[in-house]
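The values are calculated or read from the model by the stated rules, or taken from the named source; none is laboratory data. Because the structure is a prediction, the values reported are computed rather than measured. So basically every Cβ, Gly included, is an ideal-geometry build from the backbone, and we count neighbours across all protein chains shown. We work out accessible area using only protein heavy atoms, side chains counted, and drop any ligands, DNA or RNA first. Shrake-Rupley method; radii C 1.70, N 1.55, O 1.52, S 1.80 Å.
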Amino acid sequence: KNLKLMKNIKINSKLNIKLKISNKVFIPTSTSSILIEASFKKINQKSKILDLGCGSGIIGISLGKILKTSSKIYFSDISSQAIEDVNFNANYHKIKFSAKVGSLFQPWKKEKFDFIINDIAAISEKIAKISNWYKNVSCDAGLDGTLLVNKVIAQSKKYLNDDGSLILPLISLSNEKKILKEI
């Protein structure tokens, strides 16, 4: 009743992903596809990957399928419904995984990663309120859209292995100059 089954979410010309996405979980956008493409170019089969702000798990699951990795992929989101969807989707796609509910890095206090792919809201709350993207979904990114992403940037060093990388989208629906300054 509270479920949408989205068929064939197109990632690129070679990959379509079938996902369960509940009404209260962020629906993937073209930004998700861009993050997947950017990540795939840098990540290898043995990389320890965190999909932070994972929503339905589209990024981590897509990378798992593209890389054909047997490594565990890590997922977290502030939404317990999102983590329920990830559990279903990762099992459906036979991805080895660990998924936890929590804000930012709170679920990963003792973990380090090779790649952290940040897909946490980085959009002005004013824009989010009038957008269809955040219907029934949390967006506490602040008036200029930098509140959460700048926290992720500031804290990420603690959760990255040596030579690790943080991958995040930077779009003009937030104060990108403030985000670049934090980087």
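With I95, I61, I43 as the choices, which residue is at pLDDT below 90 and more than 22 Å from N150 (Cβ to Cβ)?
I43
Name the residue, out of K177, K157, that is farther than 30 Å from N44 by Cβ, modelled with pLDDT of 70 or more and out of contact with any Leu (no Cβ under 6 Å at 6 or more places or on another chain).
Matching residue, one of K177, K157: K177.
Please go through (1) touching an Asp or Glu at 6+ places or on another chain (Cβ under 9 Å); (2) over 21 Å from E37 (Cβ atoms) for K110 and return the number of the only condition it doesn't satisfy.
(1)
Checking the structure you have, find out if any residue of segment 135-144 is more than 18 Å from I167 (Cβ to Cβ), crowded, with 18+ Cβ neighbours inside 10 Å, modelled with pLDDT under 95 and of a type in the set (D, E, K, R).
Yes, because at least one residue in segment 135-144 is more than 18 Å from I167 (Cβ to Cβ), crowded, with 18+ Cβ neighbours inside 10 Å, modelled with pLDDT under 95 and of a type in the set (D, E, K, R).
Would you confirm whether any residue within segment 78-99 is among the hydroxyl-bearing types (S, T, Y) and touching a Gly at 6+ places or on another chain (Cβ under 9 Å)?
Yes, that holds for at least one residue.
How many residues are among the polar types (S, T, N, Q), modelled with pLDDT of 80 or more and either closer than 14 Å to N118 by Cα or open to solvent by 10 Å² or more (accessible area, probe 1.4 Å) (or both) when one looks only at segment 16-30?
Residues that pass the stated criteria total 1.
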